[in-house]
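Since the structure comes first, as structure tokens, the remarks are kept for the end.
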Amino acid sequence: QVQLVESGGGLVQAGGSLRLSCAASGSSFSLMGWYRQAPGKQRELVAVISSGRLINYADSVKGRFTISRDNAKNTVYLQMNSLEPEDTAVYYCHVRTVNLGSIYWGQGTQVTVSS
């Protein structure tokens, strides 16, 4: 059974930094990453990283956010710098399993950036 444990959200002023973590268990994961959903908006990709460390970022976070993963720990990280009020959202951990390509989501962690 796949389980995802997220941590690291919170309240920060504009220009500040936060680091999100998502520890996954119960399978091997070909893809790990983060999506976010702001109030009244659709869920959108933030960044994803493959097991081979191929990375895709949303244009809005390029140069400010850095995704990384520890394959031995099945953990994905999102370092968020130069945060803006527009980054305020619930951030969801997203993983895809090697077997069957099944998708799983974390419970979400709130990130709030004040101006």
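Brief remarks follow.
- If R0 equals 25 Å, the separation of the Cβ atoms of Arg19 and Ser115 corresponds to a calculated FRET efficiency of about 0.75.
- When you filter the trypsin sites (Lys or Arg not before Pro) in the range 37-96 for DSSP loop state and at most 12 other Cβ atoms inside 10 Å of their Cβ, you are left with Lys41, Arg53, Lys62, Lys73.
- GNM result for the chain, Cα springs below 10 Å: residue of Tyr77, Tyr92, Tyr57 fluctuating most strongly: Tyr57
- Net length gained if the chain between Leu54 and Asn71 were fully extended (0.36 nm per residue, minus Cα distance): 4.8 nm
- Theoretical gain in end-to-end length, Gln79 to Leu11 [0.36 nm per residue, Cα-Cα removed]: 23.0 nm
- For Phe65, nonlocal amide neighbours, meaning residues 5 or more places apart or on other chains whose placed amide H falls under 5 Å from its own, are Asn81.
- Taking label points 7 Å from Cα along the Cα-to-Cβ direction, Gln3 and Lys41 give a separation of 3.2 nm.
- Mean-square fluctuations from a GNM of the chain, with a 10 angstrom spring cutoff on Cα atoms, peak among Asn71, Asn99, Asn56 at Asn99.
- Entry comment: accessible area of the chain is 52 Å² per residue, from protein heavy atoms only and a probe of 1.4 Å.
- Computed over the chain: relative contact order in percent, which uses C-alpha pairs under 8 Å that are six or more apart: 35 percent
- Springs between Cα atoms under 10 Å define the GNM used for the chain, and in it the highest mean-square fluctuation of Val46, Val76, Val61 occurs at Val61.
- What separates the Cα centres of the range 51-66 and the range 9-29 is a distance of 14 Å.
The values are calculated or read from the model by the stated rules, or taken from the named source; none is laboratory data. The model shown is predicted, which means the values in this text are computed figures rather than measured ones. Neighbour counts are summed over all protein chains in view; Cβ atoms, including those assigned to glycine, are modelled from backbone coordinates with ideal geometry. We work out accessible area using only protein heavy atoms, side chains counted, and drop any ligands, DNA or RNA first. Shrake-Rupley method; radii C 1.70, N 1.55, O 1.52, S 1.80 Å.
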